[in-house]
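Structure first, commentary second.
The values are calculated or read from the model by the stated rules, or taken from the named source; none is laboratory data. Bear in mind that the values here come from a model prediction, so they are computed numbers and not experimental data. As a convention, Cβ positions derive from the backbone with ideal geometry for all residues, glycine included, and neighbour counts pool all protein chains shown. Ligands, DNA and RNA are excluded from the accessible area calculation, which covers all protein heavy atoms including side chains. Shrake-Rupley method; radii C 1.70, N 1.55, O 1.52, S 1.80 Å.
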Amino acid sequence: QNEPKMPPETAAQPKPEELAIIKAWIDAGAKAPTGGLAATGLITPKIEARGKVREPITSVAASPNGKWLAVARPHAVEVLNASDRSVSKTLTGHTGAVNEVSFSTNSEWLCVASGETGLVGEATLWKTSDWTRGRVVQGHRDSLYAAQLNPDGRLLATASYDRDAMTWDVVSGRLLKTFSGHNDAGYGLAFAPNGKLLATASGDRTVKLWDVATGQRLDTF
């Protein structure tokens, strides 16, 4: 009934019985997915590898106090003793693939950026004194490629493939600000030493400078 008519009058037309099938299909509707990731419409089944898989290193970070080296691989983070490179702890249980690791300025926390492609980003804080899991925040519309704590450790910044950056309150886990303006994935973050400015690096070949308190974009390089 719409104009222009589809298919065009010059093309082959559906037969009445074919239209009836289409109408019945529409009227029947689709069964809604229930539970877990299926409810989002994104289902990514785990396919076990048949051979030995090499786990690439996706990120490395050294703690400011010189005690630890964090080595990120897609499915785990290895914490090495900086003195002899022995593995002190293996951190697992992150959502999706791990893309970046970073230490807080005081070396008390290790921040892990990960996420499920096309679904959600996740940042996990690990307490370096005993390697227990601390605050975990989930947000964004895609995986995280960067996560950094500000100099006083009270604010967490995240950057995602969804092109946005966000800041979070570490104590409550509450989302504070969303920084939008990049035209490609966000790959890197850095706070100014005073914590008042945030720089974001993107696949759009720009670095943007933001006011952390207001969310205002100050400059684009």
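How many residues does region 197-214 contain that are surrounded by fewer than 16 Cβ atoms within 10 Å (Cβ to Cβ), assigned to a loop (DSSP other than H, G, I, E, B) and in contact with a strand residue (DSSP E or B) (Cβ under 7 Å, 6 or more places away or on another chain)?
Result for region 197-214: 2.
Which residues, counting only those in region 137-155, are closer than 11 Å to Phe103 by Cα and in a strand (DSSP E or B)?
Residues satisfying the conditions are Ala147, Gln148, Leu149.
Within the set of pairs 6+ apart or on separate chains, which have a first residue in region 129-141 that is closer than 27 Å to Arg163 by Cβ, a second that is modelled with pLDDT of 95 or more and open to solvent by 60 Å² or more (accessible area, probe 1.4 Å), and C-beta atoms under 7 Å apart?
Sorted first by the residue in region 129-141, then by its partner, the pairs are Gly139/Leu175.
Does any residue in region 45-59 that is charged (D, E, K, R) come within less than 7 Å, Cβ to Cβ, of a residue that is open to solvent by 100 Å² or more (accessible area, probe 1.4 Å) six or more places away or on a different chain, and which pairs are these?
Glu55/His75
Suppose we keep only residues that are in contact with a strand residue (DSSP E or B) (Cβ under 8 Å, 6 or more places away or on another chain) and open to solvent by 50 Å² or more (accessible area, probe 1.4 Å) within region 117-138. Which one would you say is farthest from Lys177 (Cα to Cα)?
Thr132
Just to be sure I understand, how many residues within region 158-185 are over 20 Å from Leu110 (Cα atoms), touching a residue at least 24 places away in the same chain (Cβ under 8 Å) and either outside any strand (DSSP E or B) or open to solvent by less than 20 Å² (accessible area, probe 1.4 Å) (or both)?
Kept after step one, since they are over 20 Å from Leu110 (Cα atoms), are these residues of region 158-185: 161-164, 176-185.
Next, from what is left, pick out any that are touching a residue at least 24 places away in the same chain (Cβ under 8 Å): 161-164, 177-179, 181-182, 185.
Then drop every residue that is not either outside any strand (DSSP E or B) or open to solvent by less than 20 Å² (accessible area, probe 1.4 Å) (or both), which leaves 161-164, 179, 181-182, 185.
Qualifying residue count for the region: 8.
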